[in-house]
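The values are calculated or read from the model by the stated rules, or taken from the named source; none is laboratory data. Keep in mind that this is a model prediction, so the values were computed, not measured. Positions of Cβ are generated from backbone atoms using ideal geometry, with glycine treated the same way; all protein chains shown enter the neighbour counts. For the accessible areas, the whole protein counts, side chains as well, though only heavy atoms, and no ligand, DNA or RNA atoms are used. Shrake-Rupley method; radii C 1.70, N 1.55, O 1.52, S 1.80 Å.
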Amino acid sequence: MMSAGTPLEGELVRMIETTGPIRLDRFMALCLGHPLHGYYMSRDPFGRAGDFTTAPEVSQMFGEIIGIWCMQCYDIMGRPEAFDLIELGPGRGTLMIDLLRAVRALPDFLTHLRLRLIETSPLLRTLQEKALESTAVPVTWHETLDDVPQGPSLIIANEFFDSLPLRQFQRLAQGWAERVIGLREGKLQIGLVPQAFSPPPWAAAAKEGEVVEVRPSIEPWAFAVAERLTSHPGAALIIDYGHLVSAPGDTLQAVRQHGPVSIVDRPGESDLTAHVDFPALAHALRSAGAYTCAPLTQRAFLLDMGLELRVSRLSGHATEAEKRELALAAERLAGPTQMGHLFKAMAATSPGLPCPHPFRSNG
Ligand code: SAH
């Protein structure tokens, strides 16, 4: 075995030697969530010094716009006396801080909310606690959404679903095979094992060599969101890398220090992410009773929510350098060649509630 490998690499090699190649969903779950060596368990991956930069870390405008969206939903929900503001995977807590600043415009919203943060990483929990220290809102942390008592809720998830484990199947001349992690000369290697697979309808026509991704791990989360929305008034906003139309393609990526690396390179030390199949997510939510709105690009969502107005408001009191920075941040968030088209936004609501602006019903 290699001496320079990561501690998780050693664990994985031993596991494969004992029980054979492991499926990608298990590999992904271990790389990100292994209790000792998982990527999110031991580090702060965000920002310039980290591995990647998420939209809330690009600009305060992102969280503020989501705050404005939430105030609108609070009205649609009939302004409940008490409700849960829930964030899945809050990272450093940046989005929530910016959101809470924006909702000061509606004092009822602030006095009636309880903040619930769903986070597995002890290190990130500590950072979130620090970030939220100066706010007076009551906060609790939970392992899963199922641990939060039922009640009216607003649920936010930015770059959460892309980190949930997925499986990949490849069409070969003689049938389907599953992509797995095996060993070659003692090193981790991506391989294929023949596997019976009933592809979803959109994948039935996949051509030889094409990869089809399925993410059963999304279901418990989608069902838990839908369960809340069907039992009490509420809405959810999900923003992530993803596609508007389900299609074959290998989107699994490892990212370290702002660049792509092989998924088997130093496991536990790089982030793993794969695009969210928004139609599949909408299907899971609807099948459990929630209403869903048609997904939009992040660009359409932010522009329709007034990104340009926010830029000019903030520019009003800014220096020339700050103005340039605001314009650059807006371009980064909404530019078609930057995050604007790659990321999508989707909303779900309680049955019977209208789709919040700027979303429309998808029938
Ligand atoms: N929303 C933040 C962070 C995105 S990174 C932002 O936009 O900056 C993904 C976040 O989800 C991290 O906080 C990570 O620790 C958390 N996470 C990943 N898988 C999780 C799981 N299964 N349960 C709870 N939290 C999880």
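Counting only residues that are within 16 Å of the ligand (Cβ to nearest atom) and under 19 Å from Pro56 (Cα atoms), the range 103-138 holds 16 of them.
Residues checked against (1) open to solvent by 50 Å² or more (accessible area, probe 1.4 Å); (2) among the basic types (Lys, Arg); (3) closer than 16 Å to Thr292 by Cα; (4) at pLDDT 95 or above:
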| residue | (1), (2), (3), (4) |
| --- | --- |
| Arg167 | no, yes, no, yes |
| Gln174 | yes, no, no, no |
| Leu188 | no, no, no, yes |
| Leu192 | yes, no, no, yes |
| Ser217 | no, no, no, yes |
| Gly234 | no, no, yes, yes |
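Of all residues in the range 194-210, one or more are at pLDDT 95 or above, touching a Leu at 6+ places or on another chain (Cβ under 9 Å), open to solvent by 10 Å² or more (accessible area, probe 1.4 Å) and closer than 29 Å to Arg266 by Cα. Cβ-Cβ contacts under 6 Å between residues 6 or more apart (or on different chains), taken from a first residue in the range 56-79 that is farther than 16 Å from Ala347 by Cβ to a second residue that is of a type in the set (Val, Ile, Thr) and not in a loop (DSSP other than H, G, I, E, B), are listed as Pro56/Thr94; Glu57/Thr94.
Of all residues in the range 51-70, none satisfies being surrounded by fewer than 16 Cβ atoms within 10 Å (Cβ to Cβ) and either more than 9 Å from the ligand (Cβ to nearest atom) or more than 20 Å from Asp240 (Cβ to Cβ) (or both). Taken together, the criteria exclude Gly249 from residues that are touching a residue at least 40 places away in the same chain (Cβ under 8 Å), surrounded by fewer than 21 Cβ atoms within 10 Å (Cβ to Cβ) and in a loop (DSSP other than H, G, I, E, B). Among the residues of the range 79-111, just one is touching a strand residue (DSSP E or B) at 6+ places or on another chain (Cβ under 9 Å) and surrounded by fewer than 17 Cβ atoms within 10 Å (Cβ to Cβ), namely Ala82. Could you tell me whether any residue of the range 195-210 is assigned to a strand (DSSP E or B) and either touching a residue at least 12 places away in the same chain (Cβ under 8 Å) or under 22 Å from the mean Cα position of the chain (by Cα) (or both)? Checked against the condition, which is being assigned to a strand (DSSP E or B) and either touching a residue at least 12 places away in the same chain (Cβ under 8 Å) or under 22 Å from the mean Cα position of the chain (by Cα) (or both), the range 195-210 yields no hits at all. For the range 14-40, give me each residue that is open to solvent by less than 50 Å² (accessible area, probe 1.4 Å), outside any loop (DSSP other than H, G, I, E, B) and over 19 Å from Ala254 (Cα atoms). Scanning the range 14-40 gives Met15, Ile16.
Among the residues of the range 148-161, are any more than 14 Å from the ligand (Cβ to nearest atom), assigned to a strand (DSSP E or B) and either in contact (Cβ under 8 Å) with a residue 40 or more places away in the chain or not hydroxyl-bearing (Ser, Thr, Tyr) (or both)? Yes, the range 148-161 has at least one match.
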